[in-house]
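Trainee: Here it is: the structure, laid out below.
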Amino acid sequence: MEFEVVGAPVGKMRPKFSTIHGYAQAITPKNNVIYENLVKLTFQQAKSSDYNLFDKPIKMTILAYFTVPKSFSKKKQNEALEGKISPLVKPDIDNIAKIICDALNGVAYKDDSQIVELTIIKRYAAEPKVKIALSEYC
């Protein structure tokens, strides 16, 4: 199964910690919650009625597409779109994977511990997006 999340790739941010009445409290950043909800909603809309990976080992592929910087020359923009230049920008690939895997917990699978193979690639594209492919690991 494949689906696409429109918009710039987002990485999972660390929670902020504070103390209230002497007790430590972790506060999840709003951007994490918003993006995780977007990933969930996009998956649910794309999911077919015969989807059956909820309790199986999973292979996940994530392609994160970033916009080409306007500061690039025309030649460099073309090279970026052809895949000759890779984006060396934040967010880090591990943070992109973390937010997507966490968002799909309980929706696409019981727990992200079921993911036994994970591939993440950062590329340039005309429009920013994240393509996610889920399949049964064989």
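The values are calculated or read from the model by the stated rules, or taken from the named source; none is laboratory data. These numbers come from a predicted model, not from an experiment. A quick note on method: Cβ atoms are made from the backbone with ideal geometry, for glycine too, and the neighbour counts reach across all protein chains shown. Calculation scope for accessible area: heavy atoms of the full protein, side chains included, ligands and nucleic acids excluded. Shrake-Rupley method; radii C 1.70, N 1.55, O 1.52, S 1.80 Å.
Trainee: Which members of the stretch 40-56 meet the condition of being open to solvent by less than 70 Å² (accessible area, probe 1.4 Å) and out of contact with any Phe, Trp or Tyr (no Cβ under 9 Å at 6 or more places or on another chain)?
Mentor: As a first pass, look at the stretch 40-56 and keep what is open to solvent by less than 70 Å² (accessible area, probe 1.4 Å): 40, 42-43, 46, 48, 51, 53, 56.
Within the stretch 40-56, Lys40, Ser48, Tyr51 meet the criteria.
Trainee: Same structure again: Give me the pairs, please: first residue somewhere in the stretch 101-118 and in a loop (DSSP other than H, G, I, E, B), second residue anywhere and open to solvent by 10 Å² or more (accessible area, probe 1.4 Å) and among the β-branched types (Val, Ile, Thr), beta-carbon distance under 8 Å, and either six or more positions apart or on two chains.
Mentor: From residues that are in a loop (DSSP other than H, G, I, E, B), there are no pairs.
Trainee: Within the stretch 57-70, identify whether any single residue is open to solvent by 60 Å² or more (accessible area, probe 1.4 Å), at pLDDT 95 or above and closer than 25 Å to Leu134 by Cα, and answer yes or no.
Mentor: Yes, the stretch 57-70 contains at least one residue that is open to solvent by 60 Å² or more (accessible area, probe 1.4 Å), at pLDDT 95 or above and closer than 25 Å to Leu134 by Cα.
Trainee: One residue is enough: does the stretch 25-40 have a residue meeting the conditions in a loop (DSSP other than H, G, I, E, B) and of a type outside the set (Phe, Trp, Tyr)? Give the derivation first.
Mentor: Residues of the stretch 25-40 in a loop (DSSP other than H, G, I, E, B): 28-29.
Checking the rest, the ones that are also of a type outside the set (Phe, Trp, Tyr) come to 28-29.
Yes: the stretch 25-40 contains one or more residues that are in a loop (DSSP other than H, G, I, E, B) and of a type outside the set (Phe, Trp, Tyr).
Trainee: Given (1) in contact with a strand residue (DSSP E or B) (Cβ under 7 Å, 6 or more places away or on another chain); (2) part of a helix (DSSP H, G or I); (3) within 21 Å of Tyr109 (Cα to Cα), identify the lone condition not met by Ala80.
Mentor: Tallying (1) in contact with a strand residue (DSSP E or B) (Cβ under 7 Å, 6 or more places away or on another chain); (2) part of a helix (DSSP H, G or I); (3) within 21 Å of Tyr109 (Cα to Cα), Ala80 fails exactly one: (3).
Trainee: Filter the stretch 80-123 down to the residues that are open to solvent by less than 60 Å² (accessible area, probe 1.4 Å), of a type outside the set (S, T, N, Q) and more than 15 Å from the chain's Cα centre (by Cα) and list them by number.
Mentor: Listed by number, the residues that qualify are Ala80, Gly83, Ile85, Pro87, Gly106, Tyr109.
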